[in-house]
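Below is one structure, written out as C-alpha cells; the observations come after it.
Bear in mind that the values in this text are calculations on the coordinates, not laboratory data. Since this is a predicted model, take the numbers as computed values, not measurements. Counting neighbours? That spans all protein chains shown, and the Cβs are built from the backbone with ideal geometry, glycine included.
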Amino acid sequence: MKSRAALLSTVLAFLLLAGCERRQDMLYTDGPGAGSIAWLSWFVFILFCVVTIVMWVLILGGILRRRGSFDTHEPFDVGGGQGWLAIGGFAIPVVILFVSFILSLRGMAEFPMHEDHEGHNGSSSVAPDIRVIGHQWWWEVQYIGGPVDQRFTTANEIHVPVGRPVNIALETADVLHSFWVPKLQGKVDMVPGYVNNLRLEAAQEGVYRGQCSQYCGAQHANMAVIVVAQQPKDYEAWRAHMVQPASQPSTPQEIQGQEVFLSAPCANCHAVRGTGAGGIVAPDLTHIASRQGLAANMFPNDDADLEAWVTHAQSLKPEVAMPNITQFDGVELRALVAYLRQLK
Amino acid sequence: MTGRPHMVLLFIAGGILSLLAGCTGGRSLEAYPTATGGDARRGKTAIEQYRCGACHEIPGIPGARGLVGPSLAQFADRSFVGGEVPNIPENLVKWIMSPQSIEPATAMPALGVNEQQARDTAAYLYTLR
C-alpha cells in the first residue's frame, strides 16, 4: 500500500509539473547558453542515476552473498578487496569527476569572465552592447553599444536580434539582484560596486520572461524582465524607433495630459526625452506605450492598469518607490493617461 | 490505539468538508437572470480582459483588489451608478461603455468596451449580492 501511495504521489507530482508554463523553463531552452547548461544538467542527472543503480546493485550483492552460516562465521578477509577499492573507489570516481569537470568548464565558457567593461583588462575585453542595472524593483536597460547618438535608455524590456550574441553588463543601483532568463542563459548576480558580464543569444523569435532570482526586498517576486527576440531587421527598426525622442501629443486631451505630466511630480523621477522631464531614478517613459508590461511586467500595459498605477501604486505593489499620486481630478487623470498611452 | 480509526475518519470527513467549503452552494453565475441582455460568464471574462480589477475590488475576479475606484461588492444592491443615476441595467451598460456620458469629470476611463461586452459585464455585476 505504501509503495502504491508513493507511486501515485510521484505520478501526481509529474502531472503537476507537466502543467507548468514553459515561459521560464530551464530544461526546454531556446538559446545556446541555456542549452549547454540544460545539457549538462541532464548529463549529470543521468550519470547520477547510473552510479546510484550500480551502487545499490553492489550493496544488494554484498548483502545477499552469504559467507559462512549463522552458526559458523567465516573470518574477515582483511587483505582482500584492494582491487575493488582501487578501481571502484578511486579510478572510476576520478574518471567521472574529471569528465564532469571538463564538461562544466565547457559550460562555463558560455559565461564571459568578469571583465572591466571600460577595457582596462586588455584586448580580450568585450564592449557590452547593453547595460542592465537592477533597481528595487525594476530593470534599467541602457543600450550603450554603437555611436553615442544611437544610445538610449529604456526599462524592463530588452530586445535582441535572433541568432546574434549580445553582451550585457550587469550592475545594480542598490542591493543584490540576479538576472536570469532561464530559456536563454544561466543566472548571473548583480553585485553592488561590481560589473558582471553575460552573453545572451536567442535561437528563435519569441518573448522570454525572466525574474530577479536573488531576494531583494518586498517586491522581489514582482521584478520581472522580458527579452523580446526579433528578426534582425525588426530589431534594427525597433532600435531606430527607440532612439527617437517622444512623440508629440496631438489631440486636445493628450496636450492637456502633457501639461499635467510636466506640472505634476512625475518629471522629478521619470524622463521623457524631448520634453523637460529628465528624472533618472525611475523608468524612462519616452516610449512607455510600446512596452508590454507595467511595474516591471507585473501588470499588462493598458489604460486601466496605467490609470490605477499612477494613482495607487502602493496598493498594487506595496513599498514600491512610486508614490500614490492623488492630486489629479478625473479629467486630468484621464488626460495624463491619454498622453502616456500615445508615447509609442 | 483504539482512537486511531476515528481520527482517520475525522480527517477524511474534515477533508471532504473543506472541499465542500470551496463550493458556491449553487450560487452559480446563471442563477440570477437579469434584464441586461448579457451573459454573466462572458462578463467575467470581459472584466478580466479589460482589467477592471486594477481599480475596483470585484468579488470572484482573481486579483481584483483595486482601491482607485469604489468596491463593486454587492453591486446588485447598490442604489446608484457613478453616484449619479439609478442602478438599473440600461444605466449601468451606458456607464461601462462611456462613463463620461453620465459624469463628465469621472476618473473612470472609457476602455472601448462594446455594447455586448458591457451587457455581459453588467450581467456579472448583478450576480454580486
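Where the centre of each part is set by its Cα atoms, how far does the stretch B:42-116 sit from the stretch A:229-250, in angstrom? Each part's Cα centre sits 36 Å from the other's.
Per-residue mean of other chain beta-carbon atoms within 10 angstrom of the beta-carbon, peptide B:100-109? It would help to have the intermediate numbers written out before the result.
Details: counts 3, 0, 0, 1, 2, 5, 5, 10, 5, 11.
Across the residues of B:100-109, the mean count of other-chain Cβ atoms within 10 Å is 4.
FRET efficiency for the pair A:A240 and A:F43, taken as 1/(1 + (r/R0)^6) with r the Cβ-Cβ distance and R0 = 45 Å, rounds to 0.60.
Magnitude of the Cβ-charge dipole of the stretch A:242-312, K/R +1 and D/E -1, about the Cα centre, nearest 20 debye? Let's see the in-between values first.
Working: 2 positive and 7 negative charges, 55 e Å.
With only Lys, Arg, Asp and Glu charged at Cβ, the dipole is about 260 debye.
Here's how it looks for A:V175: its modeled amide H is under 5 Å from those of A:Q136, which are all 5 or more places away or on a different chain.
Roughly how big is the stretch B:32-125's charge dipole about its Cα centre, with Cβ charges of +1 (Lys, Arg) and -1 (Asp, Glu), in debye to the nearest 20? Display every interim value, and only then the final one.
Details: 8 positive and 9 negative charges, 46 e Å.
The calculated dipole for the stretch B:32-125 is roughly 220 debye.
State to the nearest 20 debye the size of the charge dipole of chain A about its Cα centre, where the only charges are +1 on K and R beta carbons and -1 on D and E beta carbons.
Values: 23 positive and 31 negative charges, 242 e Å.
Dipole of chain A, to the nearest 20 debye: 1160 debye.
Counting only the backbone N, which residues of the stretch A:285-305 are under 20 Å from the spot 7 Å out from the Cα of A:L262 toward its beta-carbon? Within reach of a label on A:L262: A:285-289.
Average partner chain C-beta neighbours within 10 Å, per residue of B:52-64? Intermediate values should be presented prior to the final figure.
Details: counts 2, 3, 13, 7, 2, 0, 0, 0, 0, 0, 0, 2, 0.
For this peptide, the per-residue mean of nearby foreign Cβ atoms is 2.
Assuming a ≥ b ≥ c are the square roots of the Cα gyration tensor eigenvalues, decide whether the stretch A:207-270 counts as rounded (a/c under 1.5), prolate (otherwise, with a/b larger than b/c) or oblate. Intermediate values should be presented prior to the final figure.
Working: a/c = 3.26, a/b = 1.26, b/c = 2.59.
It is oblate, given that a/c is not under 1.5 and a/b is not larger than b/c.
If R0 is taken as 35 Å, the Cβ-Cβ distance between B:S101 and A:S290 corresponds to a FRET efficiency of 0.70. Take the cross-link list A:K187/A:K317; A:K187/A:K233; A:K183/B:K44 and give me the ones stretching past 31 Å between alpha-carbons. Listed pairs above 31 Å: A:K183/B:K44. Looking at the stretch A:130-243 alone, DSSP beta bridges between its own residues are antiparallel in about 70 percent of cases. Label sites at B:E115 and A:Q231, each approximated as a point 7 angstrom past Cα along Cα to Cβ, lie 4.2 nm apart.
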